[in-house]
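Note sheet for the following structure.
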Ligand code: NAD
């Protein structure tokens with residue numbers, strides 16, 4: 001199947017694609033290839049109505065990753081184009097990254113590194129005092145694939161209590177994992193030392209964490225967002241960090257990406273910003289690439305997609 005790979009993928013996944021599909025990769029693809037495309041693999045490439053209109057033979061958009069907000073799903077559906085994603089491929093990498101960011105914020109690792117680089121006069125300066133995760137309370141906003149893994153890993157490693165706010169999560173999953181399901185977001189925000197956000201960006205989750213929600217958090221709490229930038233109001237987070245109303249925050253997804261080096265949040269000492277890097281492990285990249293290819297191969301063999309986002 002003629003497949004355009006519109007964003008870079010891992011070399012091992014590219015080999016896997018070459019063995020199975022007729023591909024043009026991101027280094028060689030030109031807009032003149034669009035009309036012959038039957039399949040595309042995309043990471044962040046914007047699959048707009050205008051792009052799809054240039055691909056009259058397109059049958060499948062295989063997303064390398066989870067979030068499909070770079071794809072006009074309604075238009076794909078109207079054109080009978082299947083959209084698939086690879087939701088299991090990167091969840092462990094993102095969950096481990098949440099924990100890396102939580103430990104980094106709690107122990108001020110980046111801040112300590114920056115201080116060493118600038119030159120220090122004595123060891124263990126007071127402003128680098130952090131806190132342990134052991135026996136603390138973790139608040140999960142969103143208990144899907146990533147949220148669940150974050151909770152189980154933190155509970156197993158640090159004996160944390162785990163509070164959950166997810167109106168769609170079943171009580172039985174929480175019981176099975178030993179998590180406490182909360183009716184209200186406010187309870188999770190008020191009681192947790194680590195709050196981790198793992199929700200999709202929807203009209204309900206846009207600005208889910210704004211000035212009111214931030215004001216409910218403990219002063220010794222850390223906020224981690226690896227979901228989508230617009231879920232947190234960045235201006236309100238900046239104000240809260242400037243006023244030391246939070247211990248720290250880490251964001252892997254910004255409202256505008258790639259994030260500008262002039263972003264005001266980057267001037268806060270108690271803030272860590274990363275460039276949508278949570279899923280960026282070799283392990284996940286290989287899985288995302290090969291699983292996207294597998295979805296196209298399934299379509300060629302008239303098999304059901306494993307992870308279909310849009311069914312025409
Ligand atoms: P998922 O679909 O498995 O889980 C999302 C959870 O959010 C679901 O349980 C859902 O019920 C819950 N939810 C929806 N609306 C909610 C609301 N208003 N309040 C509380 N909970 C709500 O998704 P996932 O695989 O866990 O991924 C979560 C998000 O992480 C993705 O949507 C994507 O945006 C982001 N992501 C980021 C990276 C990265 O590199 N940083 C990588 C993968 C995914």
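The values are calculated or read from the model by the stated rules, or taken from the named source; none is laboratory data. Values in this document were obtained by computation on a predicted structure and should not be read as measured data. Here the Cβ positions follow ideal geometry from the backbone for every residue, glycine too, while neighbour counts run over all protein chains shown.
Points to keep in mind about this one:
- Residue in the range 178-192 that is more than 24 Å from residue 220 (Cα to Cα), surrounded by fewer than 18 Cβ atoms within 10 Å (Cβ to Cβ) and either more than 13 Å from the ligand (Cβ to nearest atom) or not assigned by TED's automatic domain parsing to the domain that holds residue 105 (or both) present: yes
- The condition of being in contact (Cβ under 8 Å) with a residue 40 or more places away in the chain, in contact with a strand residue (DSSP E or B) (Cβ under 6 Å, 6 or more places away or on another chain), assigned by TED's automatic domain parsing to the domain that holds residue 198 and not in a strand (DSSP E or B) holds for only one of 150, 138, that being 150.
- So residue 40, is it in the same structural domain as residue 157 (by TED's automatic domain parsing), more than 16 Å from the ligand (Cβ to nearest atom), touching a strand residue (DSSP E or B) at 6+ places or on another chain (Cβ under 9 Å) and within 21 Å of residue 276 (Cβ to Cβ): no
- Qualifying position, being in contact (Cβ under 8 Å) with a residue 60 or more places away in the chain, surrounded by fewer than 17 Cβ atoms within 10 Å (Cβ to Cβ) and out of contact with any strand residue (DSSP E or B) (no Cβ under 6 Å at 6 or more places or on another chain), among 19, 30, 12: 12
- Restricting the range 74-97 to residues that are closer than 22 Å to residue 303 by Cβ and within 16 Å of the ligand (Cβ to nearest atom) leaves a set whose member that is farthest from the chain's Cα centre (by Cα) is 83.
- Among the residues of the range 6-24, the ones that are closer than 16 Å to residue 65 by Cβ and outside any helix (DSSP H, G or I) come to 5 in all.
- Residue match in the range 302-311 (condition: buried (at least 18 other Cβ atoms within 10 Å of the Cβ), within 22 Å of the chain's Cα centre (by Cα) and within 14 Å of the ligand (Cβ to nearest atom)): yes
- Given (1) crowded, with 18+ Cβ neighbours inside 10 Å; (2) away from the ligand (no atom under 16 Å from the Cβ), index of the condition residue 228 fails: (2)
- Test: residue 131 is more than 16 Å from the ligand (Cβ to nearest atom), surrounded by 16 or more Cβ atoms within 10 Å (Cβ to Cβ) and either farther than 16 Å from residue 195 by Cα or touching a residue at least 24 places away in the same chain (Cβ under 8 Å) (or both): yes
- Some residue of the range 68-88 being surrounded by 18 or more Cβ atoms within 10 Å (Cβ to Cβ), closer than 23 Å to residue 290 by Cα and modelled with pLDDT under 95: yes
- When 223, 246 are screened for being more than 10 Å from the ligand (Cβ to nearest atom), in a strand (DSSP E or B) and touching a strand residue (DSSP E or B) at 6+ places or on another chain (Cβ under 9 Å), only 223 passes.
- Here the condition is being within 13 Å of the ligand (Cβ to nearest atom) and either assigned by TED's automatic domain parsing to the domain that holds residue 220 or surrounded by fewer than 18 Cβ atoms within 10 Å (Cβ to Cβ) (or both); of 172, 198, it holds for 198 alone.
- Qualifying residue in the range 182-204 (condition: touching a helix residue (DSSP H, G or I) at 6+ places or on another chain (Cβ under 9 Å) and more than 26 Å from residue 215 (Cα to Cα)): no
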